[in-house]
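The values are calculated or read from the model by the stated rules, or taken from the named source; none is laboratory data. The shown structure was predicted, so the numbers you read here are calculated from the model rather than taken from an experiment. With ideal geometry, Cβ positions are generated from the backbone for all residues, glycine too; neighbour counts draw on all protein chains shown. Just so you know, the surface numbers come from the protein's heavy atoms only, side chains and all, with ligands and any DNA or RNA stripped out. Shrake-Rupley method; radii C 1.70, N 1.55, O 1.52, S 1.80 Å.
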Amino acid sequence: MVHVLSSRTLLRPADPERSRSFYGETLGLAVHREFGTGPERGTVYFLGNGFLEVSGRAAEPVTPGLVLWLQVADVAAAHRELAERGGEVLREPRQEPWGLVEMWIADPDGIRIVLVEIPAEHPLRYRPGI
C-alpha cells in the first residue's frame, strides 16, 4: 500500500492571475505558500486538511468532469460572503435529499465547486459512544 503523507489538487488555469484572484479574493482561501515569480508563479491554498495548487497555464480546457467538494461550517454565510465579493452562484444553497446543504459555484475556468454544510444531525457527524 502507498503511504500517502500529503496531497493536493493541482489546477492549471487558462489565466493564472484571474484564478488566483478568484480563489484568494472571491472565495477567500488562505495561502499556504507561494513559489516562483511572475505571472506563472504558483500559489498553494489551504483546503481544510488538503491543498489546492494554482500554477502553470493550461493550453486546453480543464477536464469537464472535475468538481471540487469543499465543506464549510455555514453555507448561508458563505453565500452572503460570495455575493458581497461579486462571486457567481450557479445554484443557491438548499438541502439535498441525502441531508447535506449544498451550494454550487464555478471558478473562472468553469470548474464546478460544491460548498457543503453537514447539518449536526447528519450521519456524517455521528460518532458512536461520543
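Computed values, structure above
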{"item": "Label-to-label distance, nm, for residues given as R18 and R57 (7 Å Cα→Cβ offset)", "result": "1.2"}
{"item": "On Cα atoms only, tilt of 75-84 relative to the major axis of the chain in degrees", "result": "40"}
{"item": "Residues of the chain: accessible area per residue with a 1.4 Å probe, Å²", "result": "63"}
{"item": "Cβ-based net charge around D107, under 11 Å, with every Lys or Arg adding one and every Asp or Glu removing one", "result": "0"}
{"item": "Heavy-atom SASA rank of S21, S6 (probe 1.4 Å, accessible area, largest first)", "result": "S6, S21"}
{"item": "Whole-percent carbon and sulfur share, accessible surface of the chain, 1.4 Å", "result": "55"}
{"item": "Zone residues, the stretch 39-79, relative to E96, backbone N less than 11 Å from point 7 Å out along Cα-to-Cβ", "result": "69-70"}
{"item": "Length gained when the stretch Q71-E84 is fully extended (0.36 nm per residue, less Cα-Cα span)", "result": "2.7 nm"}
{"item": "13 Å beta-carbon shell around D15, net charge (K/R +1, D/E -1)", "result": "0"}
